[in-house]
Amino acid sequence: MTAIRLLLVDDDPLVRAGLSLMMGGADDIEIVGEAADGGEVEAVVDRTRPDVVLMDIRMPSVDGLTATQRLRGRKDAPQVIVLTTFHADEQVLHALRAGAAGFVLKDTPPAEIVDAVRRVAAGEPVLSPAVTRQLMRHAAGTAADSRQAHARDRLAALNEREREVAVAVGRGLANAQIAASLFMSVATVKTHVSRILAKLGLNNRVQIALLAYDAGLLDEDGH
């Protein structure tokens, strides 16, 4: 099995050392590089070609949000997991909108951080439904009306079945759960998700969930 190539980005050398030690016990994960600031990330990515980047959100020069936006705008961009100390943080929300595949708290148990890296490498977002709802509530604000109109305009590109899948993704359901609730195969769910991403120009399921929330689809559905 090919090891997951991981890049660690954090301005605290002790945090990087701890993460390196933590990941060292996983046979299927290889740490290919480290960076101490977001401004270094693109050069290190070019040199090391990671599959996943574990990205600190707060760094003194270039923060994790900016670095994530730059990375996710590139062709063949690695997946990004944001490291944070807060469950609901405005910068985390922005990073998710920019294309991060999820986030983990710095005090998360080591085994769960290792599992998060594996899941993101496999194409799964790292957000529990409870945390997703918390972040989405945090997103509500003065720009809610204009954001809803914009989101609904974008979602108009979807057909009815794709819209149903988008709502299910917004609830935090896994593919198997979506398949069961909408009476379709897991393979069909994956196809619908891929088409939604392509039609809307999104990077991952987290962005589908945020767009469905912005459009008010989850509220309409009673969730």
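Here is how the numbers come out for the structure above:
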{"read-out": "Placed amide H near residue 174: partners under 5 Å, 5+ positions off or other chain", "value": "none"}
{"read-out": "P(r), alpha carbons of the stretch 7-59 - 5 Å bins starting at zero, rounded %", "value": "4, 23, 32, 24, 14, 3"}
{"read-out": "Karplus (6.51, -1.76, 1.60) ³J(HN,Hα), θ = phi - 60°, over the stretch 97-103, in Hz, Gly and Pro reported as x", "value": "5, 7, x, 5, 7, x, 8"}
{"read-out": "Residues whose placed amide H lies under 5 Å from that of residue 103, excluding near-sequence neighbours", "value": "82, 126"}
{"read-out": "The chain, accessible surface, carbon-and-sulfur percent (1.4 angstrom probe)", "value": "51 percent"}
{"read-out": "For the chain: relative contact order, % (alpha-carbon pairs under 8 angstrom, 6 or more apart)", "value": "16 percent"}
{"read-out": "Residue 3 long-range amide H proximity, modeled H, under 5 Å", "value": "none"}
{"read-out": "Percent RCO, i.e. relative contact order, over the stretch 1-67, from Cα pairs under 8 Å lying at least 6 residues apart", "value": "40 percent"}
{"read-out": "Solvent-accessible heavy-atom area per residue, rounded to whole Å², over the stretch 1-51 at 1.4 Å", "value": "51 Å²"}
{"read-out": "Nearest 10 degrees, 0 to 90: helix 129-139 Cα axis against the chain principal axis", "value": "80 degrees"}
{"read-out": "Estimated vicinal HN-Hα couplings, Hz - the stretch 163-172 in sequence order (Karplus 6.51, -1.76, 1.60; Gly, Pro = x)", "value": "5, 4, 5, 4, 5, 5, 4, x, 7, x"}
{"read-out": "Calculated from backbone phi, Karplus (6.51, -1.76, 1.60) coupling profile of the stretch 6-12 in Hz, x at Gly/Pro", "value": "10, 10, 9, 10, 7, 7, 9"}
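The values are calculated or read from the model by the stated rules, or taken from the named source; none is laboratory data. Bear in mind the structure is a predicted one, so any value in this text is a computation, not a measurement. The protein model used for the area step is the full one, side chains on, heavy atoms only, and it has no ligands, DNA or RNA in it. Shrake-Rupley method; radii C 1.70, N 1.55, O 1.52, S 1.80 Å.
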